[in-house]
Amino acid sequence: MSARLRSRQPLVALALAFAFACAIATLVAIPVTASALDLAPVPTILKPKPSALVTSTVKMTGRVGPLVTDLRVTGGTLTTFTILPADSEGATFTAEVSVRYGRTTIGLEAWDGSSWSEAATRTVWDLGTIPRDKRLVLVDKSDYMLYIVRFHSVIAAYPIAIGMRGTPTPTGTRYLARPSTSPNAVWGPFRMRLYKKVWVRVSYIVRVGGRNVRRWHRVLRKVATSYYIHGTNDPDSIGTPASHGCIRMWNKNLRVFKGLTYRYQLTIIRA
Amino acid sequence: MNMSIGRRWLLPFVLVSALVLCVPSVSFAGIKGRIVEGVGIKTAKLGLHDSTDAPRIGGPYKRAKDTSYANQTVWRYRFGSKMSTGKYPVEMYSHGNHHVFTFVINAKALVTSNGTHVGTSESALTSRYGSRIKKSVGPVYTDYFMGTRSGRTDFWVLNGVIHHIVISRY
C-alpha cells in the first residue's frame, strides 16, 4: 500500500501545484473583474448603421445605462446630445456629431457619475453628395480612392492611381464592363472597360408613297471609352497620379472588386 | 612568337577594358544633377520638345509609345539603367506633339538647390521649404506640393522619407 502511494507522489504534487496556480490566478483576476464592473455600461449605437454614408453631420441614436448623465465622442465633434428620461433598463440618447470628409470612426463613451465607459465605435463615411442609387462605384480623384456603395453604405474602399496631370482621368458618369483578359502584364490580371452614354444618330427606312425613305432618329447608347479600371505591375504607383488616364488598383484588390460589381454598373468619377 | 600574340591581343584587350569601364560610368554620370522645382531637371524643361530635353538629361534612355490613352499618344522615356527598386532613375513623359509634361525622379543623385532628394526625411523637407509647400494626405503617400499649373513639384512621401519627386504641368 505504501509503495503504491509512493508511486503516486508525483501525481499528487502536480495536482497540488495546479490547485495552487488556480488559486493565485483567481486572486489576481478578482480585482480586474471588479474594476471592469465599476465602469459604466458601454452605450449601444442603433443608428447610423455600420459604414453608413453621411453628409458632414451624423445623427446617432442608441441606448445607455440608467445612470448615464453625459456623453463624449472621439473621432468627431459632438455638437448636441439629448438623453431621454431613463427607465429601469436604461435611457435612449440622440447625438449629433460633425465629421470630416472621408472615413471616420466615432467612439462614444458614457459617464455614469463615477467613471467613463469603454467606447462604442461606429465607422461612417462622408463622401459628399452622391446620387441616391442603390449600387454604384464612386471614384474620388481628390483622395485617390475608389468606393463601392451599396444601399447607402460603403462596402469597400480601395486606394487607386489616377491619370497624371498631363493625361488626367476624365470625370463624369461611366458604366463598368465585365473584365476582359489583360493583353499585357502592365495592366495586371485583367481590365474592365468604362463605357459612357452618348446620343447616337441612327437611320431607318420607311415606305412612303411607294418609295423607301431614310429617316433619322437619336438613341442613347453605351459607347466604349479608352479608359479602364485595371491592375498594375507597379504597386508603388498606387496613391499617386501615375497612369495615362486609366484607374489602377492593386491586383489583389482588383480581384475582389470584380466580384463586387456587375455588368454596366454605374460608376461616377469625380474630381 | 609569344610577344607577337601578346601584341596582337593587346589593342582589343585595351579597347574592351576601356568600354567595360566607361559604359557604367557614363550611364550613371548622365543622371546626376540639379532638380529645378517646377521647371525641370538640369537644363531640361517642361514644355520643350522631347528630342531637346532627352540629351539634356543625359545618359542612355529607352523610348516607348503608349497609344491606349483615349486614342492619344503618350511618349515615355526612361533614363539610365533599372535600379534595385525596379524603377528607372528618371522618367519623362511627352504628349503626341512631343511636348514634355512630366518628369519623375526616382534616383537620389538628383538634388534640388537646397539639397532635397529622394530619401530625404519628411521633417527635413518641411523645414527646408517651410510655408512654400502644402500637404495633402492620401491613402498611401503624403503629397507635399508647390508651384502652379504651369509648373508643379510634388514630393511623394512614404514612411517618413521622400519616395519619388514629380515635376509636371497641366
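What is the fewest-to-most order of B:Leu125, A:Leu46, A:Leu11 by other Cβ atoms lying within 10 Å of their Cβ? Don't skip to the answer; put the middle values down first.
On the way: B:Leu125 19, A:Leu46 12, A:Leu11 9.
Ranked by crowding around the Cβ, least crowded first: A:Leu11, A:Leu46, B:Leu125.
Sorting A:Arg103, B:Arg128 by the number of Cβ atoms found within 10 Å of their own Cβ, with the fewest placed first, yields B:Arg128, A:Arg103. The mean sequence separation of alpha-carbon pairs under 8 Å and at least six residues apart, normalised by the residue count of the range A:44-126, gives a relative contact order of 36 percent. With the largest listed first and rounded to whole Å, the semi-axes of the equivalent ellipsoid of the range B:31-168 from the Cα gyration tensor are 24, 16, 15.
Cβ crowding within 10 Å ranks B:Thr148, A:Thr94 as B:Thr148, A:Thr94, fewest other Cβ atoms first. Applying the Karplus relation 6.51 cos²θ - 1.76 cosθ + 1.60 with θ = phi - 60° to the range A:149-166 yields 3J(HN,Hα) values of 10, 9, 6, 6, 10, 8, 9, 7, 9, 10, x, 9, 10, 10, x, 5, 5, x Hz, where x marks Gly and Pro.
Rank by packing, highest mean first: peptides B:33-45, B:110-122, with packing defined as the count of other Cβ atoms within 10 Å averaged across residues.
Values: B:33-45: 19.2, B:110-122: 15.9.
Averaged packing, sorted descending, gives the order B:33-45, B:110-122.
Kirkwood Rh over alpha-carbon pairs of chain A, then Stokes-Einstein at 25 °C and 0.890 mPa s: what D in µm² s⁻¹, rounded to an integer? In µm²/s, the coefficient is 103. Each residue of the range B:77-89 was assigned a 3J(HN,Hα) from its phi angle through the Karplus expression (A = 6.51, B = -1.76, C = 1.60, θ = phi - 60°), giving 10, 10, 9, x, 9, 4, 8, 5, 7, x, 9, 9, x Hz with x at Gly and Pro. Residue by residue along B:133-141, Cβ atoms of other protein chains within 10 Å of the local Cβ number 5 on average.
Residues whose amide H falls under 5 Å from that of B:Ile41, counting only those 5 or more places apart or on a different chain, are B:Val36, with hydrogens built in the peptide plane.
Under a model in which nothing but the beta-carbon of Lys, Arg (+1) and Asp, Glu (-1) is charged, the range A:44-126 shows a dipole of about 420 debye around its Cα centre.
Placing R0 at 51 angstrom, the Cβ-Cβ distance between B:Arg128 and A:Tyr262 gives a FRET efficiency of 0.55 after rounding to 0.05. In percent, rounded to a whole number, the relative contact order of chain A is 16, using alpha-carbon pairs under 8 Å and six or more apart.
Scanning residues 5 or more positions from A:Lys197 or on other chains, those with amide H under 5 Å from its amide H are A:Val223, with H placed 1.01 Å from N in the peptide plane. Phi angles of the range A:171-180 translate, via the Karplus equation with coefficients 6.51, -1.76, 1.60 and θ = phi - 60°, into HN-Hα couplings of 9, x, 9, 10, 10, 9, 7, 6, x, 10 Hz per residue; Gly and Pro are given as x.
If you take the beta carbon distance between A:Leu78 and A:Ser114 as r and set R0 to 22 Å, what does 1/(1 + (r/R0)^6) give as a FRET efficiency, to the nearest 0.05? If you can, show how the numbers build up before the last one.
Numbers: r = 21 Å, r/R0 = 0.95.
Step by step, r from the Cβ atoms, then E = 0.60.
If the segment from A:Ala13 to A:Ile130 were pulled out straight at 0.36 nm per residue, it would be longer than the present Cα-Cα gap by 35.1 nm.
Mind checking A:187-200 for the average number of partner chain beta-carbons within 10 Å of each residue's beta-carbon? Walk me through the numbers before you get to the answer.
Numbers: counts 1, 0, 0, 0, 1, 0, 0, 0, 0, 0, 0, 0, 0, 0.
Averaged over the peptide's residues, the number is 0.
Taken along its principal axes, the alpha carbon cloud of the range A:134-207 reaches lengths of 56, 36, 27 Å, longest axis first. Bridgeable aspartates and glutamates around B:Lys82 (alpha carbons under 13 Å apart, same-chain partners fewer than 8 residues away excluded): B:Glu91. Partner shielding of A:230-239 amounts to 3, given as the average count of beta-carbon atoms from other chains within 10 Å of each residue beta-carbon.
Seen against the Cα atoms of chain A and their longest principal axis, helix A:251-260 is set at about 80 degrees. Residues whose amide H lies under 5 Å from that of A:Tyr227, counting only those 5 or more places away or on a different chain, are A:Leu194; hydrogens are built 1.01 Å from N in the peptide plane. Rounded to the nearest 10 degrees, the angle from helix A:2-38 to the longest Cα principal axis of chain A is 60 degrees. Take chain A and mark each of the chymotrypsin sites (Phe, Trp or Tyr not before Pro) that is in a DSSP loop with at most 14 other Cβ atoms within 10 Å; the longest unmarked stretch, sites excluded, is A:152-261.
Values quoted throughout were computed directly from the atomic coordinates according to the rules given, and no laboratory measurement underlies them. Keep in mind the model is a prediction, meaning the values are calculated, not measured. Cβ atoms come from the backbone with ideal geometry, glycine included; neighbour counts cover every protein chain shown.
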